[in-house]
Every structure is written in structure tokens, then in C-alpha cells.
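Engineer: Here it is: the structure, laid out below.
Throughout, read-outs are computed from the coordinates displayed, never taken from laboratory work. It should be emphasised that the depicted structure is a prediction, and the values quoted were computed from it without experimental measurement. For neighbour counting, all protein chains shown are included, and Cβ atoms are generated from backbone atoms with ideal geometry for every residue, glycine included.
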Protein chains: 2
Amino acid sequence: MGAGDFESRWLAPDVNAVWARFLNVTHRLEHQIDRRLQDHHGITHTQYEILVRLADSDERAMRMSDLADSIVTAKSAVTYQVNRLSEMGLVERNKCDRDNRGIWVKLTAAGVERLEQAAPCILSLVRELFLDAINCDQAAELDKLLEIWSDNLDAGAAEPPAEGR
Amino acid sequence: MGAGDFESRWLAPDVNAVWARFLNVTHRLEHQIDRRLQDHHGITHTQYEILVRLADSDERAMRMSDLADSIVTAKSAVTYQVNRLSEMGLVERNKCDRDNRGIWVKLTAAGVERLEQAAPCILSLVRELFLDAINCDQAAELDKLLEIWSDNLDAGAAEPPAEGR
DNA sequence: GTAGGATCGTTCGAAATTGAACCAGCCGGA
DNA sequence: TCCGGCTGGTTCAATTTCGAACGATCCTAC
């Protein structure tokens, strides 16, 4: 249904309810995962995500800004967290060959080990809370939705000044 | 960068990928909304959520702890944000009749007004990014998923010490 | 070459979030 | 009545995040 402008009935019942539920669920999801990670593995969710992205990459290394894009945070937050991980010895900061201003963040052996401890625990939690209980059709549907949303977000980010506010 | 995985279906292969995508999408979604709110309406997403919950409630008022449950944050964060909103004159802190230790947070006229300015803008963004592009079937499917996840989260939160594995 | 603009990563100050400690008021049972 | 435990909210220090400003490097056009 197109029909863009409804009047000041800003609380169209469905939109608001679904959206509120969505926010509630995603927040609680992240909260539980974060807690598990901190209690059992001594790292935050953000730090865990960094380790995962590194482990998934060729050479187990990435540039700072790719890391910032991948996770979705400000660059300064990545600097902060990578320093923290470096202090813990889970990550190594090296110069980037191709680009002298770049930093090549690399997973250390200790980093791999820590991740191998944490990942099964977290993945099983993710399955338990998020994936196990939904069937294939729902999963396929979810995947479609994620793709659509992702495209929408790309488009939305591309047109910042667009149209009459 | 996704690959077409049709028959491997859903199970083992890419829990990680779907989960990563989910996180990425939700973070970007919140980020864009937050930005719009701050740029155009001078409040953060958290503050906006507080105003919305209040507006949805009878008497346009709520207890602090209900607010904390509704949004998903620590109680101290609610204290902080409600103070901030109170300084802005969008919200009023009163004693609670029934319970002397309670605080009755109430939307002011200015709060209603501010919300009525912001809400259409935000809801249309939510529709644009999140809802418009999915059809009724998908929306229904999503709603089911949200319910399942919500139940899972309730169950997961209920059993803190037990660990199957 | 070289100037101009974009990109990379850090630094800094301000804001937000968290968890633990804490006080005060509620509630149940002896 | 009184006493322990529970709940509602606040405070405080510590952590994390953000955005803007910055120096350095890359890149393209001239």
C-alpha cells in the first residue's frame, strides 16, 4: 500500500507495535549475549565482534576503517577497543604495507585461542535464542527481510540532504 | 558479498553470516534513526523512546522502573535521561500516590508538542527503511518471529545458573 | 612535479551507559 | 509490633561511545 501521507495519526497501530517489539527484542538479545560474554569470557560484545571479523578475514587481519564499517561504530570507538584488545594481547597492530597511514590489525595466537573458547558458547546461545526455534520458511523469510533492509539502509544513507525534510 | 546458498538450507553453514547481517542491519537502523532525531528534533533515540512510551500510557505517565523495563536499559540510565528530559521541560517528575518511593513521570504539554513534531518524521523513516518494502505476509512472518524471540528471551533470562553445555 | 581534495587513524572533550552500593519505603510473618 | 527481605530510585566511579578537529598520507588533475 502506497498512500504516503496519513494525517496526524502518527501512531498507526501496527507500525508502532511491530517497531517497538523489534527494538525491545534486539536490545534484549544483545544484552543477554553481552552478559554471557563478559561473565564467561571476559570480553565485551564489541570486542568479540572485532575478533570474529578478524578471524573471518584472510590473513586474520583487517584495516581499522574496514573494522569500523563492519561493526557499525565510530572510528574512534574502534581505536579505543583495538587498543584495549592489544593490551590484552589478543590483537596486534602493525603498519600496513600498501598504505602508510593504515593500520593492519591482526589476530594473535592468544586471540585465536580466546575466540575458540568463546565462539561455541556464543554461537550456541545465538542459536538457542535466535535461530533454533524458527523453521526453514521463516528463516528464508528472515533472510529476505535482512536483504531488503540492508538495501534500504544503503539507499537512505546515500541521500542525506534529500527532499523537503 | 553473500553467496547463494539454496540447498544447504539453513542449518549449519552460516549461523554466523545471518547473525552478523542481523546485527549489522539493526545497528545501522538505529544509527540512522538516532541521527535523524538529533539533527531535526534535538533529542536522542533513547529520549524519544521514553516520550513515546509515556504518550502511549494512560494518563501519559509511568513509573521509572516500568520505563526501564519498557526501554531496555539500566535503571540509572533512565534516571539520567528523565532528568535530562525534565530539564528540557518535556517531562515532569511527581510523587507516586500509591507508593511513596515511586516516581510518577508525566509528559508535559511541551513534551506532547515535541513528540507530535518528531513522531511523523520518525515513523515515516521507520516505514521507509523498515516496513514499507515488506509485504503483508512478510510482516506477519516477522511478527511471529518477534514473538518467538521474545519468548526465548524470557526463558533465557529466567534460567541464569543452568547451563546445558 | 605539485596543489587540492579525499581518506586513514588518532586525540580530545562531552555525553551516555553500566553495575554496585546505598537509602527509604513496602510487605510478609512471627 | 517489629524484623528481615524485597523493591524503587538515586548516586558514584568506571567504561564506552560519539563527533569534531587534527596531522599525515594517498590520489587525481593539472
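Engineer: Expressed as an acute angle from 0 to 90° and rounded to the nearest 10, what is the orientation of the C-alpha long axis of helix A:136-158 relative to the principal long axis of chain A?
Structural biologist: Between the helix axis and the principal axis of chain A, the angle is about 90 degrees.
Engineer: Something else now. Listing B:114, B:101, B:84 from the residue with the fewest other Cβ atoms within 10 Å to the one with the most, what is the order? Walk me through the numbers before you get to the answer.
Structural biologist: On the way: B:114 22, B:101 6, B:84 16.
Taking fewest neighbouring Cβ atoms as first place, the list is B:101, B:84, B:114.
Engineer: While we're here: Taking each residue in B:27-35, count the Cβ atoms of any other chain within 10 Å of its Cβ, then average. What number comes out?
Structural biologist: Working: counts 7, 8, 10, 4, 5, 4, 2, 0, 2.
Mean shielding count: 5.
Engineer: Quick check on chain A: helices-only [θ] at 222 nm, where DSSP H runs of length 4 and up contribute -39,500 (n - 2.57) each and the sum goes over total residues. Nearest 500, please. Walk me through the numbers before you get to the answer.
Structural biologist: Numbers: 6 runs with 102 residues, N = 165.
Taken over chain A, the calculation gives -20500 deg cm²/dmol.
Engineer: Moving on to the next point. Would you mind giving the mean number of other chain beta-carbons within 10 Å of the Cβ of each residue in B:138-145, as a whole number? Write down the numbers at each step before the final one.
Structural biologist: Details: counts 5, 4, 1, 8, 7, 5, 3, 10.
Mean shielding count: 5.
Engineer: Something else: In whole angstrom, and with the biggest value first, how far do the Cα coordinates of the protein assembly as shown range along each principal axis?
Structural biologist: 58, 47, 47
Engineer: Would you mind giving the mean number of other chain beta-carbons within 10 Å of the Cβ of each residue in A:122-133, as a whole number?
Structural biologist: 5
Engineer: Taking a point 7 Å out from Cα toward Cβ as the label site, list the nm distances between residue B:113 and the same residue in every other copy, smallest first.
Structural biologist: Label point to label point, same position, other copies: 6.3 nm.
Engineer: Turning to a different aspect of this structure: Please list the equivalent ellipsoid semi-axes of the stretch A:15-132, computed as the square roots of five times the alpha-carbon gyration tensor eigenvalues, in descending order and whole angstrom. Before the final figure, lay out each step's value.
Structural biologist: On the way: eigenvalues 156, 63, 28 Å².
Working from the Cα gyration tensor, I get semi-axes of 28, 18, 12 Å.
Engineer: Moving to a separate point now. Reachable lysines from residue B:95, Cα under 28 Å, same-chain residues fewer than 8 places away excluded?
Structural biologist: B:75, B:106
Engineer: If neighbour count is taken as other Cβ atoms inside 10 Å, put A:95, B:144 in order from fewest to most. Before the final figure, lay out the partial values.
Structural biologist: Numbers: A:95 10, B:144 13.
Neighbour counts put them in this order, fewest first: A:95, B:144.
Engineer: Here's another thing I want to ask about it. Sort shortest first the distances from residue A:65 to its counterpart in every other copy, using label points 7 Å along the Cα-to-beta-carbon line, and give them in nm.
Structural biologist: The projected label point of residue A:65 is separated from its counterparts by 4.9 nm.
Engineer: Just to confirm the numbers: residue B:42, label point 7 angstrom along the Cα-Cβ line, distances to the other copies in nm, shortest first?
Structural biologist: 4.8
Engineer: Quick one: helix A:13-41 against the long Cα principal axis of chain A, what's the angle to the nearest 10°, folded into 0 to 90?
Structural biologist: For A:13-41 against chain A, the angle is about 20 degrees.
Engineer: In addition: Compute the acute angle (0 to 90°) between the alpha-carbon long axis of helix A:109-126 and the principal axis of greatest extent of the alpha-carbon atoms of chain A; round to the nearest 10°.
Structural biologist: 30
Engineer: What aspartates and glutamates does residue B:144 reach when the alpha-carbon gap must be under 15 Å and sequence neighbours fewer than 8 apart in one chain are set aside?
Structural biologist: Cross-link targets: A:14, A:132, A:137, A:141, A:143.
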